[in-house]
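**Student:** Please see the structure below; I have some questions.
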Amino acid sequence: MTDTSSPLDRQAVHEELERARATFHRLLDDAGTADLRWSTEGTRWTNEQLLFHMLFGYILMRSLLVLFRIFGRLPRGVGRGFARLLDAGTKPFDVVNYLGPVGGARVLGRRRMGTAFDRVIAFLHQRLDAEREADFALAMPYPTRWDPFFRDVMTVADLYRYPTQHFDFHRAQLTLTDRDR
């Protein structure tokens, strides 16, 4: 993840967010209805469901930033206890993590997923610009069993890089034809 000893390069994060937004739209625009129903590589989701899951990684940022504001300012032991509690709930989390995209893709559909992606990226651009430099170093323990990109302790700077790492990882599992892969 991010080297927390140096400041976060806001411009690089803005560029990552825009690259993901453009890629997401291209994937949606280039996929036919049948393409979206195809199975993905290494998951039980269809392409459409995995696209929703990729979107959800960005949507989740709103809640994760709030959690940082709370647990990042509490004694580290409180955060460790919370992270252990979340790790203990990994099996129910995995069920919800699977079923959410199954339903979410049905509810939103292609057009609304694109609109939702635009909105969440706009929010993250705005939030990133408003972030105080000192807040990028705010750290809290994380539930490492929930996601391969979560570390024992993460900073706000790490968190801003997370959704695009998640996006890029899952993009490789799509079975859509993507000329720019």
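**Student:** Residues with beta-carbon under 11 Å from that of Val153, excluding Val153: net charge, scoring Lys, Arg +1 and Asp, Glu -1?
**Tutor:** Values: positive: Arg76, Arg80, Arg151; negative: Asp152, Asp158.
Neighbourhood net charge equals +1.
**Student:** Give me the compactness ratio for the chain, meaning the Cα radius of gyration over 2.2 N^0.38 Å. Don't skip to the end; give the middle numbers.
**Tutor:** Working: Rg = 16.7 Å, N = 181, 2.2 N^0.38 = 15.9 Å.
Dividing the Cα radius of gyration by 2.2 N^0.38 Å gives 1.05.
**Student:** Please report the net charge: other residues with Cβ closer than 12 Å to the Cβ of Ala139, K and R +1, D and E -1. Write down the numbers at each step before the final one.
**Tutor:** Details: positive: Arg73, Arg76, Arg80, Arg151; negative: Asp135, Asp152, Asp158.
Here the charged neighbours net out to +1.
**Student:** Taking the Cα centre of the chain as origin, work out the dipole magnitude from +1 charges on Lys and Arg Cβ and -1 charges on Asp and Glu Cβ, in debye rounded to 20. Provide the component values of the computation, followed by the final result.
**Tutor:** Working: 26 positive and 23 negative charges, 134 e Å.
The dipole magnitude comes to about 640 debye.
**Student:** Can you give the helix-only mean residue ellipticity at 222 nm for the chain, where every DSSP H stretch with n ≥ 4 adds -39500 (n - 2.57) and the sum goes over all residues, rounded to the nearest 500 deg cm²/dmol?
**Tutor:** Details: 6 runs with 121 residues, N = 181.
Helix contribution divided over all residues of the chain: -23000 deg cm²/dmol.
**Student:** In percent, how large is the relative contact order of the chain, given Cα pairs closer than 8 Å and 6 or more residues apart? Display every interim value, and only then the final one.
**Tutor:** Values: 182 pairs, mean separation 71.7, N = 181.
Relative contact order comes out at 40 percent.
**Student:** Computed over the Cα atoms of region 118-172, what is the ratio Rg over Rh, Rh following Kirkwood?
**Tutor:** Numbers: Rg = 12.3 Å, Rh = 12.3 Å.
Answer for region 118-172: 1.00.
**Student:** Same structure again: Give the share of C-alpha pairs in each 10 angstrom bin for region 22-109, from 0 to the last occupied bin, in whole percents, shortest bins first.
**Tutor:** P(r) over region 22-109, rounded to whole percents: 15, 37, 27, 17, 5, 0.
**Student:** Taking a probe of 1.4 angstrom, what is the accessible area of Arg76 in Å², to the nearest 10?
**Tutor:** Surface open to solvent at Arg76 totals about 110 Å².
**Student:** Could I ask something else about it? Taking springs between alpha-carbon atoms closer than 10 angstrom, which of Gln126, Gln49, Gln165 fluctuates most in the Gaussian network model of the chain?
**Tutor:** Gln126
The values are calculated or read from the model by the stated rules, or taken from the named source; none is laboratory data. These numbers come from a predicted model, not from an experiment. Cβ atoms come from the backbone with ideal geometry, glycine included; neighbour counts cover every protein chain shown. Note: areas computed on protein heavy atoms with side chains; ligands, DNA, RNA excluded. Shrake-Rupley method; radii C 1.70, N 1.55, O 1.52, S 1.80 Å.
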